Every structure is written in structure tokens, then in C-alpha cells.
Amino acid sequence: MGNNLGMDKTLPWHNRFAKLDKAFYTRLQPQALSHPYWISRNPSVAHELGIDESWFESQEALNGFTGNNVLPGCDPLASVYSGHQFGQWAGQLGDGRAILLGELDTPAGGMEVQLKGAGKTPYSRMGDGRAVLRSSIREYLCSEAMHGLGIPTTRALCLTGSDDKVLREEIETAAVVTRTAPSFIRFGHFEHFSYNDMHAELKALADFVIDSFYPACREAGNPYAALLEAVSERTAHLMAAWQSVGFCHGVMNTDNMSILGLTIDYGPFQFLDAFDPTHICNHSDTQGRYAYNKQPNMAYWNLFCLGQALLPLIGEQDQALAALEPYKSIFPQSLEGRMLGKLGLTKPIPEASALIESTFKLLAANRVDYTIFWRRLCAFTPTSGHESLRDLFYDRESFNAWALQYSELLAPVSRALQADLKLKNNPKYVLRNHLGEEAIRAAKLKDYSKLHTLLEVLQSPFEEHADDDAMAGFPPDWASGIEISCSS
Ligand code: AMP
Ligand code: MG
């Protein structure tokens with residue numbers, strides 16, 4: 001498996017994206033940080049990329065993944081895109097602090113490797129091209145946590161740091177996350193070429209995405225409408241996955257929407273503690289545009305923007321609208337499927353949607369801790385005592401009525417089967433804000449032990465980690481005071 005290279009060999013970089021026309025990107029060098037050091041290496045992604053373990057520990061790797069030298073064979077570039085931010089057309093954006101090093105082959109196909117925070121690009125606008133340690137730790141941990149949960153996402157290979165100062169609300173220090181994905185193309189890439197009437201480039205981009213990632217669309221009567229439909233389908237499944245684990249992205253602008261349906265650009269995200277459907281995790285989102293319960297509709301709004309951008313290729317507006325239509329049924333079906341698994345129910349039953357709705361209502365009315373509720377539910381059987389679950393609710397009567405309704409539906413399912421299903425669908429560990437915050441505070445003092453423990457636990461969140469039970473507990477009181485904004 002992998003390329004398995006020794007110290008003396010270079011990695012077999014290539015770069016399909018760089019074969020596109022120059023209109024799509026600018027070739028450039030990353031900018032060095034002073035005296036970089038390792039913060040974390042992720043062996044799981046390294047293994048997938050075929051990166052040799054001992055080489056990964058080398059100074060050359062450290063420099064290469066900080067942007068202090070260009071690894072042999074890399075062809076670094078920053079790509080241009082545009083986007084709608086908070087509902088408004090924002091014009092040209094682009095990789096303002098992300099630099100694509102190239103692509104490595106893995107058993108799962110080509111994987112792009114990108115540095116985030118490695119200096120200014122032509123698309124940095126007013127930004128400094130840097131990323132701070134705080135937000136880089138959050139992205140590093142959360143992308144791996146999402147992968148551990150089985151949710152499509154970009155991943156993270158490593159995290160390096162430097163004592164170079166970066167100015168945000170206060171002075172912080174710089175870090176670079178090396179992240180990977182089959183492609184970092186966003187809805188905003190298509191919007192860019194469409195809004196600038198660059199239809200030849202728009203077509204080249206769509207053809208590249210179809211040929212590389214959606215080959216079945218080529219067989220359709222209208223491949224571009226088929227692409228829109230396929231992206232809508234993946235996005236619908238992604239939204240169902242987010243909603244089912246209580247994940248709030250926080251900045252679902254069209255430039256943060258992956259054409260592959262991956263979770264991308266971890267900023268002010270949050271996993272819900274207490275279940276509040278109207279929760280807004282981004283302190284900068286004053287209107288609550290991206291509140292937890294609005295995410296599925298916002299994704300649809302973004303898909304509509306993508307449809308508009310693809311219209312010159314699709315031709316007929318009706319075909320674009322028809323391609324978006326399935327989202328409306330796939331999302332609820334996908335969510336219901338996930339919720340059935342969480343409830344330990346093995347097959348769709350007519351009463352399922354009513355039960356799911358009443359569960360969400362009860363959780364919201366009692367502001368129950370979302371992750372703890374579902375994990376405790378794993379031990380629920382129609383005949384067991386329900387004390388540990390009931391303790392989470394102050395309205396005990398409503399809980400009892402719900403438990404009765406649930407018990408009736410659960411009764412026909414074998415105990416072993418439902419317990420197994422629930423344990424596979426209800427994670428014990430999610431990256432709660434306060435856990436990330438504790439890792440960040442320690443890392444600022446150059447203690448990375450908490451970060452490493454969290455990484456390990458979050459990579460297998462459905463398993464028991466006996467020594468780390470505290471990470472599965474209720475958030476401390478100070479957690480509700482953590483304010484996460486777009487500042488990163
Ligand atoms: P985001 O909201 O983080 O997805 O970023 C929106 C746009 O701003 C993207 O084009 C980013 O590349 C750019 N950006 C964000 N932070 C910086 C920064 N510190 N330096 C340069 N560009 C940035
Ligand atoms: Mg972004």
C-alpha cells in the first residue's frame with residue numbers, strides 16, 4: 001500500500017489541477033515562517049499518502065509542510081474563486097492563504113495536499129496569508145473527528161507552528177495545517193467563471209470535475225445538469241450527516257461548499273452541547289443565517305447558486321431546477337435513515353418520522369445534551385430501567401410518554417441488534433468547543449499532550465477510551481462563554 005518511500009527518494013507528486021489553463025490559478029512559492037516546529041503529525045493520513053514514517057519526522061518534511069522549502073516535484077499554486085458570503089455576492093475571493101502543493105496517489109485515488117497559512121497569494125485581499133495556532137488546531141482536530149464519525153471531509157496530515165506573531169483581535173502565533181482532499185474545488189470556483197462570463201473556462205472546469213470525480217455524468221443526456229444533480233445528492237447526504245451528529249458549520253458561504261460534498265473550511269464550527277435547534281455557533285453571524293436548524297435550507301440556497309452558475313452549460317433553466325429537485329426528498333430520507341440507526345431501529349417503519357420528530361422536540365424542550373442523550377440511549381431497552389436517560393430531562397412526564405412510544409417500536413428488534421446499531425451510530429466523543437479550547441490553551445504553552453490524546457480519541461469516537469472518559473462528559477459551565485468568530 002502507498003508509495004513507501006525512504007529518506008533518499010522524493011514523493012511522486014503530480015497535479016491534475018495544474019494542467020488546467022492558467023486562468024484557474026497562480027503559480028507561486030509559499031512564504032517561510034521563522035524556526036518552524038512540529039505540533040502534530042497524523043500517522044493515519046501519512047500512511048494513506050504513502051509517506052514514509054522516518055522521512056515524515058525529518059527536517060525536510062517539517063520545512064516542506066510549513067512552506068519553508070518546496071518539496072521536490074511539487075508545483076505550488078493558489079486557485080481563484082468567488083462566492084456568495086452571508087447571502088451577498090462577494091466577488092473575487094480565492095485561496096488567500098491556501099497553497100496547493102500537488103497530488104499524491106493513494107489506494108482511494110489521487111489526493112491533493114494543501115498548506116493553509118503558508119503566506120500571501122494574489123487572492124489574499126486584505127489578509128496576511130497566515131493562520132493562527134488556535135484556529136489551526138480546531139481545523140486539524142475537527143477534520144479528523146469528522147472522518148472518525150464517517151462524515152465526508154477534508155483531512156489533515158500535520159500541523160506545524162512558529163513563534164512568528166500574527167495579529168488578530170490579539171497577538172497570536174502562526175501555524176500551518178497541511179490538509180488533503182481529492183479536490184478543494186468549491187461552488188465558488190464555478191460562480192467565478194460564470195459571473196465573469198468566462199464560459200470556455202466554466203466548461204473546462206465542469207469537464208474536469210466530471211471526468212475526474214463524476215464520470216457517470218458524462219453518460220447523461222445533459223452532463224452538466226447531471227453534475228448539478230449529483231452534487232445536490234452528495235450535499236443532501238452531507239447535511240443529513242451534520243444534522244444527525246449536531247454539527248454546526250458556522251460559515252456556509254458558497255466559497256466554503258465543496259463540489260465533492262465534503263465538509264471543508266473549519267472555522268467557527270461547533271458540535272451542539274445542549275440541543276437547541278436555533279443555535280448559532282458563529283459569533284459573527286448576527287442574523288443567525290447559519291443556525292443549526294437552517295443548515296439544510298442554506299445548503300439548498302447554495303446549490304441554487306451553483307445551478308445559476310452552471311446555467312450557461314446546462315442551457316435550460318427547467319433542467320437546472322429539475323436537477324435541484326431531488327435534494328428536497330434525499331435530505332429528509334437520508335436524515336431519517338441516520339436517525340433510525342441512532343434509535344436502533346433496523347428498518348423503516350411508518351411511525352418513524354413521528355418518533356424522530358417527537359425526539360427532537362423533547363430534546364429541545366429540555367435542552368438535553370445532544371451527544372450524551374444518544375450515547376445513553378444505547379443502553380435503553382423496553383424492559384431496562386431508564387434512570388440514566390430520564391435524569392437528562394426535567395419534564396419527566398413527557399420523557400415517560402416518549403419512552404413508552406419508543407419502547408413499542410423497539411420491542412420487535414432483537415436486543416443485540418439494536419444495541420449494536422446504536423453503538424455504531426451514536427458517538428461517545430465529539431470535538432466539543434471546550435475540549436478544543438483546552439487543547440489550544442495547553443498548546444499555546446507548547447504542551448501538545450492534550451491535542452494528541454484528543455486526536456486519538458476523536459479518530460475512533462464510537463469506541464470506549466477508558467482513560468479518557470472525561471472527554472465524554474458534560475461541558476463545564478465556562479464552555480457556554482466561549483465565543484468563536486470568523487477570526488482565524
Ligand atoms: P473564510 O471565511 O475563512 O472561508 O475565508 C474567506 C476568504 O478570505 C477566502 O478567500 C480566504 O482565502 C480569505 N482569507 C481568510 N483569512 C485570510 C488571511 N488571513 N489571509 C488571506 N486571506 C484570507
Ligand atoms: Mg473559506
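The values are calculated or read from the model by the stated rules, or taken from the named source; none is laboratory data. On a predicted model such as this, the values are computed, not experimentally measured, just so you know. No Cβ is skipped: glycine too gets one built from the backbone with ideal geometry, and neighbour counts run over all protein chains shown. Quick note on the areas: whole protein, heavy atoms, side chains included, nothing else; ligands and nucleic acids left out. Shrake-Rupley method; radii C 1.70, N 1.55, O 1.52, S 1.80 Å.
A quick yes/no check of all residues on (1) more than 16 Å from ligand 1 (Cβ to nearest atom); (2) buried (at least 20 other Cβ atoms within 10 Å of the Cβ):
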residue	(1), (2)
197	yes, no
205	yes, yes
224	yes, yes
268	no, yes
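Within segment 207-218, residues that are within 18 Å of residue 186 (Cβ to Cβ) sit with their Cβ atoms under 6 Å from residues that are open to solvent by 40 Å² or more (accessible area, probe 1.4 Å) and in a helix (DSSP H, G or I), at 6+ positions apart or across chains, in these pairs: 210/218.
Of the residues screened, residue 232 is one that is at pLDDT 95 or above, among the hydroxyl-bearing types (Ser, Thr, Tyr) and buried (at least 24 other Cβ atoms within 10 Å of the Cβ).
Only one entry in 55, 38 is touching a strand residue (DSSP E or B) at 6+ places or on another chain (Cβ under 8 Å), more than 26 Å from residue 209 (Cα to Cα) and not in a loop (DSSP other than H, G, I, E, B), namely 38. Would you pick out the residues in segment 348-367 that are surrounded by 13 or more Cβ atoms within 10 Å (Cβ to Cβ) and closer than 15 Å to residue 293 by Cβ? Once the filter is applied, which keeps residues that are surrounded by 13 or more Cβ atoms within 10 Å (Cβ to Cβ) and closer than 15 Å to residue 293 by Cβ, segment 348-367 yields 356, 359, 360, 361, 363, 364, 365, 367.
If the condition is being in contact (Cβ under 8 Å) with a residue 40 or more places away in the chain, open to solvent by less than 30 Å² (accessible area, probe 1.4 Å) and among the aliphatic types (A, V, I, L, M), then segment 420-458 contributes 430, 431, 439, 440, 443, 451, 454, 455, 458. Looking at residue 397, is it open to solvent by 20 Å² or more (accessible area, probe 1.4 Å) and assigned by TED's automatic domain parsing to the domain that holds residue 278? Spelling it out, it is not the case that residue 397 is open to solvent by 20 Å² or more (accessible area, probe 1.4 Å) and assigned by TED's automatic domain parsing to the domain that holds residue 278. Name the single residue that is farthest from ligand 2 (Cβ to nearest atom) among those in segment 87-126 being over 23 Å from the mean Cα position of the chain (by Cα) and among the basic types (Lys, Arg). Top of the filtered list is 120.
Restricting 238, 340, 272, 260 to those that are farther than 27 Å from residue 117 by Cβ, open to solvent by less than 50 Å² (accessible area, probe 1.4 Å) and either within 16 Å of ligand 2 (Cβ to nearest atom) or in contact with a Gly (Cβ under 8 Å, 6 or more places away or on another chain) (or both) reduces the list to 272. Here residue 144 passes the criteria (1) farther than 26 Å from residue 32 by Cβ; (2) open to solvent by 10 Å² or more (accessible area, probe 1.4 Å) except the one numbered (2). Considering every residue within segment 173-186, establish whether at least one is open to solvent by 10 Å² or more (accessible area, probe 1.4 Å) and farther than 24 Å from residue 83 by Cβ. Yes, there is a match, as at least one residue in segment 173-186 is open to solvent by 10 Å² or more (accessible area, probe 1.4 Å) and farther than 24 Å from residue 83 by Cβ. The residues of segment 168-194 that are assigned to a strand (DSSP E or B), touching a residue at least 24 places away in the same chain (Cβ under 8 Å) and away from ligand 1 (no atom under 11 Å from the Cβ), listed by number, are 172, 173, 175, 176, 177, 178, 179, 180, 181.
The strands (runs of 3 or more DSSP E) located wholly in segment 60-107 that include 1 or more residues which are within 16 Å of ligand 1 (Cβ to nearest atom) and open to solvent by 50 Å² or more (accessible area, probe 1.4 Å) occupy 82-85, 88-92. Considering every residue within segment 304-318, establish whether at least one is farther than 30 Å from residue 155 by Cβ, in contact with a Ser or Thr (Cβ under 9 Å, 6 or more places away or on another chain) and among the polar types (S, T, N, Q). Yes, the conditions are met somewhere in segment 304-318. For the subset of segment 275-294 comprising residues that are within 23 Å of residue 358 (Cβ to Cβ) and in contact with a strand residue (DSSP E or B) (Cβ under 8 Å, 6 or more places away or on another chain), which member is farthest from ligand 2 (Cβ to nearest atom)? Ranking the candidates gives 275 first.
Considering segment 380-389 alone, what residues qualify as being surrounded by fewer than 15 Cβ atoms within 10 Å (Cβ to Cβ) and either touching a helix residue (DSSP H, G or I) at 6+ places or on another chain (Cβ under 7 Å) or of a type in the set (Phe, Trp, Tyr) (or both)? Correct list: 388 only.
Yes/no per residue for (1) of a type in the set (Gly, Ala, Ser); (2) touching a helix residue (DSSP H, G or I) at 6+ places or on another chain (Cβ under 6 Å):
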position: 399; (1), (2): no, yes
position: 403; (1), (2): yes, no
position: 407; (1), (2): yes, no
position: 412; (1), (2): no, no
position: 423; (1), (2): no, no
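So, in segment 112-128, of the ones that are surrounded by 23 or more Cβ atoms within 10 Å (Cβ to Cβ) and not in a strand (DSSP E or B), which residue ends up farthest from ligand 1 (Cβ to nearest atom)? Only one residue fits best here, namely 118.
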